[in-house]
Amino acid sequence: MLEITLLANNQKYRGTYRPHPYFIDQFPETHPVNQAFLTFTSMRDNLSIDQAKQIAAIYAQYVVSPQSQFECIVIGSPGEFVENGEHLGFDIAHAHYYSLILDGLLYDPPAGRPRQPLVVDPLSNLLKVHFRPRLNEHRLFPNLQDALFCLECMMALQAIIPHLYAHPDDIFEVVSMWKM
């Protein structure tokens with residue numbers, strides 16, 4: 001099942017866990033940016049690629065901050081092909097949003113903020129050492145098999161330590177990311 005959405009343009013990580021268009025309080029509700037936001041939220045499940053691109057263009061015209069520059073993204077199941085799209089890679093996501101790549105593989109605790117060591121820390125570090133080099137320039141997996149194996153390994157760690165990455169009831173899947 002394909003989902004068309006708008007995500008903030010982040011050149012370092014281009015997976016699912018990025019901001020969506022948002023309401024800007026400095027503008028009245030009738031301003032084109034806020035009207036674009038309302039269109040995005042009301043049509044989110046039925047957004048066309050052309051509509052998504054129009055909304056992204058409105059944000060680009062009126063809002064200059066980098067986190068307000070959106071790109072049209074299609075999120076699909078592995079194996080789904082998106083015509084005229086640029087395949088960015090595979091992410092591991094819950095509900096097409098929360099990413100295990102970003103919060104599990106790429107996240108390192110801030111220096112100087114000690115935390116309680118976990119029994120799985122050596123295995124977690126091994127996961128990072130093994131899988132980080134396999135990520136592409138978008139910090140996604142270019143290879144479906146690597147993404148599936150990473151998901152399997154992370155879920156095995158979470159079986160040992162519930163809530164390690166997310167709530168135990170959250171279901172994660174490998175998704176394919178396409179830029180339009």
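A few comments on the model shown:
- Close pairs (6 angstrom Cβ cut-off, 6 or more residues apart or separate chains): hydroxyl-bearing (Ser, Thr, Tyr) in the stretch 62-74, modelled with pLDDT of 70 or more anywhere: 62/33; 68/59
- Residue within the stretch 142-157 that is polar (S, T, N, Q) and over 13 Å from the mean Cα position of the chain (by Cα) present: yes
- Residue in the stretch 143-165 that is part of a loop (DSSP other than H, G, I, E, B), crowded, with 17+ Cβ neighbours inside 10 Å and in contact with an Asp or Glu (Cβ under 9 Å, 6 or more places away or on another chain) present: yes
- Members of the stretch 129-142 that are exposed (fewer than 15 other Cβ atoms within 10 Å of the Cβ) and either of a type outside the set (Lys, Arg) or part of a loop (DSSP other than H, G, I, E, B) (or both): 129, 130, 133, 136, 137
- Residue that is surrounded by the most Cβ atoms within 10 Å (Cβ to Cβ) [pool: residues in the stretch 109-128 that are charged (D, E, K, R) and more than 16 Å from residue 149 (Cα to Cα)]: 121
- Within the stretch 1-43, the residues that satisfy the criterion of being under 17 Å from the mean Cα position of the chain (by Cα) and at pLDDT 80 or above are 12, 13, 14, 15, 16, 17, 18, 19, 20, 21, 22.
- Residue 123 meets the conditions (1) within 19 Å of residue 168 (Cα to Cα); (2) touching a residue at least 40 places away in the same chain (Cβ under 8 Å); (3) in contact with a helix residue (DSSP H, G or I) (Cβ under 8 Å, 6 or more places away or on another chain) in every case but one. The failed one is (2).
- Taken over the stretch 166-180, the criterion of being part of a loop (DSSP other than H, G, I, E, B) and either touching a residue at least 60 places away in the same chain (Cβ under 8 Å) or of a type in the set (Phe, Trp, Tyr) (or both) is satisfied by 166, 170, 171, 180.
The values are calculated or read from the model by the stated rules, or taken from the named source; none is laboratory data. The model shown is predicted, which means the values in this text are computed figures rather than measured ones. All Cβ positions, glycine included, derive from the backbone under ideal geometry; neighbour counts span all protein chains shown.
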